[in-house]
Each structure stands twice: as structure tokens, then as C-alpha cells.
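Peer 1: Supplied in C-alpha cells, the structure appears directly below.
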Amino acid sequence: MVARYNLWFNVIDHWYVKLFWVALVFTVLTELVFLCMTLRFGRKELAPSLTQRQFTLVVFTGLAMMLIACALIKQLVDDVLYIDYFHVSELRGPGLRGGAGAAARHAGRYLAR
């Protein structure tokens, strides 16, 4: 989303999406810090049996898989403004937050409000 500067600033050219883009720059920077910290310190806790090289390969493979999944869903939804972006982020939920079905439980809690 951050890489689509031309779309946000020249094609759509609205103050809200420009502000959203600026917020996403800080979000991406934070995610890069988390990625670096995970690569540097996460292996001993997450995958102690792997070498650092293997762990780095696993992390980047997972990252590539998520980028492909997000691109495919974006193409299927045809969402130029990324309104459904936040729903796509739930793809990472089951593996990182509470096991299988976590995304469904979160959606159920949200809908129950």
C-alpha cells in the first residue's frame, strides 16, 4: 500500500488517503523493526532446532506467502481504496493468535457487539 504513492497522491488525490498513506509509512517502519527483532532474537524461542539461516528462510518464506495471499485477495475483491484491507489482515490470525479458528472467534466477538 505504501508503494502505491502515485495512486494515493496523483490519481485519487484526496487529503484523507494522503493522511492514511503517511500513517501507513509509520506502520511499515514499525513492522520492519518487528521483522528485524524477530530475525535477530526470535529463533531461540520460536524455532530452537533451526539454524539462523534456516529460521531466516522460514520467516521470509512466510512473508512471501502472505504477500501473495494479500495480492490475490486484493485482485479478487478489486478494492482500489483498500477498504477490505483490514479484513485481509485476519489471514495471519490463526497462526499467531490463539490457534485454529481464532479469526472466526474474533469476527464473532466483533459481530456480537
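Quick note: the coordinates plus some simple rules give every number you see, no bench work behind them. Just so we're clear, the structure is a prediction, and the values are computed from it rather than from any experiment. All Cβ positions, glycine included, derive from the backbone under ideal geometry; neighbour counts span all protein chains shown.
Peer 1: Just to check I understand the Karplus step: with θ = phi - 60° and J = 6.51 cos²θ - 1.76 cosθ + 1.60, what whole-Hz values come out for segment 71-76, glycine and proline as x?
Peer 2: Residue by residue, segment 71-76 yields 5, 5, 5, 4, 5, 5 Hz.
Peer 1: Go ahead and run the numbers for FRET between VAL80 and THR30, Cβ-Cβ distance against an R0 of 35 Å, rounding to 0.05.
Peer 2: For R0 = 35 Å, the calculated efficiency reads 0.90.
Peer 1: Can you tell me the FRET efficiency between GLN54 and ARG4 if r is taken as the Cβ-Cβ distance and R0 is 35 Å, rounded to the nearest 0.05? Could you put the intermediate results ahead of the total?
Peer 2: Numbers: r = 33 Å, r/R0 = 0.95.
With a Förster radius of 35 Å, E is 0.55.
Peer 1: Compute the distance in nm between two label points, each set 7 Å from the Cα along the Cα-to-Cβ direction, one at THR61 and one at LEU46.
Peer 2: It works out to 1.3 nm between the two label points.
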